[in-house]
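The values are calculated or read from the model by the stated rules, or taken from the named source; none is laboratory data. Values in this document were obtained by computation on a predicted structure and should not be read as measured data. Backbone-built Cβ (ideal geometry, glycine too); neighbour counts: all protein chains shown. Accessible surface is based on the protein model in full, side chains and every heavy atom, while ligands, DNA and RNA are left aside. Shrake-Rupley method; radii C 1.70, N 1.55, O 1.52, S 1.80 Å.
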Amino acid sequence: MGNDLYRKLGAAFLITAALIYTIERVGTLIARNYEISALYQAQMYDVQPKTPITGFFDNLFVPILTLIGVILFVYGFPKKTK
């Protein structure tokens, strides 16, 4: 396997981790906004919404894919030889 393949695989893993994180984050923000609008409609202004906003480490696949992607991406660059 050439260095170019490792760079492409690393970039693919990083993009996949970013897509999973973004889709999950957008979904939770939409759910939270629905909950906030329902609270405002019920005139419950002092109540905090219960939907948590997801973080980076909440989904196990995101940090694992990121770590694999960084390792493959860095390994794909040629090493200096004397």
Quiz item: Can you find a residue in region 26-49 that is at pLDDT below 90, β-branched (Val, Ile, Thr) and touching an Asp or Glu at 6+ places or on another chain (Cβ under 7 Å)?
Solution: no
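Which one of Ile23, Ile71, Ile36 is loosely packed, with under 12 Cβ neighbours inside 10 Å and assigned to a helix (DSSP H, G or I)?
Result: Ile23 is the single residue among Ile23, Ile71, Ile36 that is loosely packed, with under 12 Cβ neighbours inside 10 Å and assigned to a helix (DSSP H, G or I).
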Practice problem: Starting from residues that are over 13 Å from Ile15 (Cα atoms) and surrounded by 14 or more Cβ atoms within 10 Å (Cβ to Cβ), keep the ones in region 54-63 and report whichever is modelled with the lowest pLDDT. | Solution: Thr54
Exercise. Exactly one condition in (1) touching a residue at least 40 places away in the same chain (Cβ under 8 Å); (2) in a loop (DSSP other than H, G, I, E, B) is not met by Phe57; state its number.
Key: (1)
Exercise. Select, from Thr28, Thr66, Thr51, Thr16, the only residue that is open to solvent by less than 70 Å² (accessible area, probe 1.4 Å), of a type in the set (Ser, Thr, Tyr) and part of a loop (DSSP other than H, G, I, E, B).
Key: Thr51
